Each structure stands twice: as structure tokens, then as C-alpha cells.
Amino acid sequence: MKQLQDKISSEGRVLSEDVLKVDSFLNHQVDPRLMQAIGKEFARRFENDGITKILTIESSGIAPSVMAGLTMGVPVIFARKRASLTLTEGLISAEVKSFTKQTVNTISVSGDYVTAEDTLLIIDDFLANGQAALGLLDIARHSGASVAGVGIVIEKGFQQGGILLRDQGIRVESLAIIDSLADGKVSFREEAEV
Ligand code: G4P
Ligand code: NA
Ligand code: NA
């Protein structure tokens with residue numbers, strides 16, 4: 001997606017060989033116009049898949065997911081990373097390992113909102129090692145819902161998440177795929193340009 005690649009090129013900051021900072025439009029400040037374009041692009045790619053609901057994870061997955069949900073006319077549910085005061089019953093949970101933080105977190109959604117009748121589109125901001133996406137897929141499996149695919153804003157193609165998911169036969173649609181962050185420079189994979 002050209003508009004997204006341009007934004008990454010102009011505002012993204014390469015922090016190391018494997019970390020890209022995009023706080024100015026995705027992870028801290030949010031650019032609503034760009035998010036809307038991202039939402040429309042996810043909607044276009046999954047328009048024939050009978051999606052009934054979008055499943056994401058707090059916090060940075062929410063903005064692109066809401067924009068996709070608005071375009072597709074379906075609700076958005078975000079998995080929580082911490083226990084909630086009011087959301088305590090009928091939870092469906094999964095474990096998510098973090099390679100970067102060396103921790104294991106439990107993520108949860110309410111079984112009231114993800115059911116066997118649903119066809120889900122899973123969306124997240126980044127695909128790195130794929131642990132968050134695998135956790136969301138686990139939740140979908142427990143709920144009995146089907147999953148049409150995974151939509152990612154920025155995939156780091158040099159990490160294992162994309163391979164891990166696609167090897168399981170899961171459809172992954174990434175709007176920008178970064179092949180390298182070497183020498184402080186962002187190199188995009190060509191096929192991702194739409
Ligand atoms: P994984 O799910 O792919 O295994 O991710 P990992 O544990 O490696 O990453 C943990 C957090 O760091 C996730 O956000 C993930 O989106 C984010 N992340 C991974 N690589 C990058 C990167 O290169 N740049 C940026 N900006 N973020 C990256 P999170 O902690 O769940 O935070 P949030 O959703 O609340 O923002
Ligand atoms: Na995320
Ligand atoms: Na994130």
C-alpha cells in the first residue's frame with residue numbers, strides 16, 4: 001500500500017536492525033486519515049470472505065481495526081491483556097509469549113462476542129514473531145469461530161511470524177512488508193506494493 005509505505009519512509013525511525021518506531025501515526029499518536037485508508041484496504045482485500053467480526057488485540061490493533069470495521073459494517077472486538085473489573089465471566093483465553101520481553105501474558109475475550117457463528121478477520125498493527133496472532137487464532141479456535149485470514153499493517157518479513165502463519169495455511173494480508181532495517185534504512189518487499 002503506497003500511502004502507508006510513504007508514511008513509513010517519511011516518519012518511521014529505525015531504532016535497530018529489527019525495530020521500527022512508528023509512534024507518530026500508529027503506536028502512540030494516530031493518523032485517522034491514514035487509518036481510514038488502511039481500514040478500506042483491509043475491507044477491499046476481504047470483501048468476499050463473509051466476515052462477521054474483526055478480532056484484534058489492545059492497544060495498537062484497535063485503530064486500524066475500527067476503521068476496517070466501519071467500512072465493512074461489522075463489530076470489532078479487542079482481546080484484553082489485563083484482567084478487567086467487569087469482564088470476568090465466560091472468558092476465552094490464550095497465552096502469548098513475548099520474545100522481546102521474555103514474558104508470557106494471558107489475553108482474553110468474552111465468549112459472548114466471539115461465537116461459533118462468526119467468521120473472523122484478525123487484525124494487528126505489527127507482525128514480528130507472530131505470537132500475538134497465534135494467540136488470537138487460539139481464541140478463535142476455542143470459540144468455534146472460523147477465521148478468514150489475518151490482516152497486518154506492518155509485517156517484518158525478516159522475522160518468523162509470516163512464515164509461521166502461512167505454513168499453517170493461514171491467509172496473511174500485510175499492507176507493508178519490510179525485508180530489512182539494516183544500515184538504518186527501511187527496505188520494502190515489492191509484492192506488498194498495491
Ligand atoms: P510478536 O507478537 O510478533 O511475537 O511480537 P513481540 O512479542 O516480538 O512484540 C511485542 C510488542 O512489540 C507488540 O506490541 C508488537 O506489536 C510490538 N512490535 C514488534 N516489533 C515491533 C517493531 O519493529 N516496531 C514497533 N513499533 N512495534 C513492534 P504490544 O506490546 O502488544 O503493544 P501495543 O499493541 O499496545 O502497541
Ligand atoms: Na499489537
Ligand atoms: Na504494537
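Values in this text are rule-based calculations from the coordinates and carry no lab data. Because the structure is predicted, anything quoted here is derived from the model rather than measured. Cβ placement follows ideal geometry from the backbone for every residue including glycine, while neighbour counts extend to all protein chains displayed.
Values for this structure:
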item: Long-range HN-HN contacts of LEU127 with modeled amide H, under 5 Å; result: ILE154, GLU155, LYS156
item: Note, ³J(HN,Hα) from phi for the stretch 155-167, Karplus 6.51, -1.76, 1.60, rounded to Hz, x at Gly and Pro; result: 9, 8, x, 8, 9, 8, x, x, 5, 4, 6, 5, 5
item: Within-15-Å neighbourhood charge of ASN105 [Cβ basis; K, R +1; D, E -1]; result: +1
item: Under-5 Å amide H pairs with VAL96, H placed in peptide plane, nonlocal only; result: ASN105, THR106, ILE107
item: Point-to-point label distance, GLU58-ASN105, nm (Cα→Cβ direction, 7 Å offset); result: 1.0 nm
item: From phi via Karplus (6.51, -1.76, 1.60), per-residue ³J(HN,Hα) for the stretch 63-75 in Hz, x at Gly/Pro; result: 4, x, 5, 5, 5, 5, x, 4, 5, 7, x, 10, x
item: Electrostatic dipole magnitude of the chain [Cβ: Lys, Arg +1; Asp, Glu -1; Cα centre; debye, to 20]; result: 260 debye
item: Counting DSSP beta bridges with both ends in the stretch 57-177, the antiparallel % (nearest 5); result: 40 percent
item: Förster radius 41 Å - calculated FRET efficiency between SER10 and THR86, Cβ distance, rounded to 0.05; result: 0.50
item: Cut-off under 5 Å, modelled amide H: who pairs with VAL147 long-range; result: LEU120
item: Lysine pairs in the stretch 2-181 with Cα atoms under 18 Å, if 8 or more residues apart or on separate chains; result: 12
item: Mean Cβ count within 10 Å, highest first, over the residues of peptides 84-93, 49-58, 19-28; result: 49-58, 19-28, 84-93
item: Where a label projected 7 Å from the Cα of ARG171 along Cα→Cβ would reach, residues of the stretch 50-80 with amide N under 14 Å; result: 50-53
item: Backbone HN-Hα couplings from phi across the stretch 16-23 [Karplus 6.51/-1.76/1.60, Hz, Gly and Pro as x]; result: 6, 5, 10, 10, 10, 9, 10, 5
item: Separation of the SER146 and GLN29 label points, Cα + 7 Å toward Cβ, nm; result: 4.3 nm
item: Contour excess over end-to-end distance, with Cα ends at LYS40 and ASP179 and 0.36 nm allotted per residue; result: 47.6 nm
item: Cα gyration tensor shape for the stretch 27-132, rounded if a/c is under 1.5, else prolate or oblate; result: oblate
item: Descending semi-axes in Å of the chain, equivalent ellipsoid built from Cα gyration tensor; result: 26, 19, 16
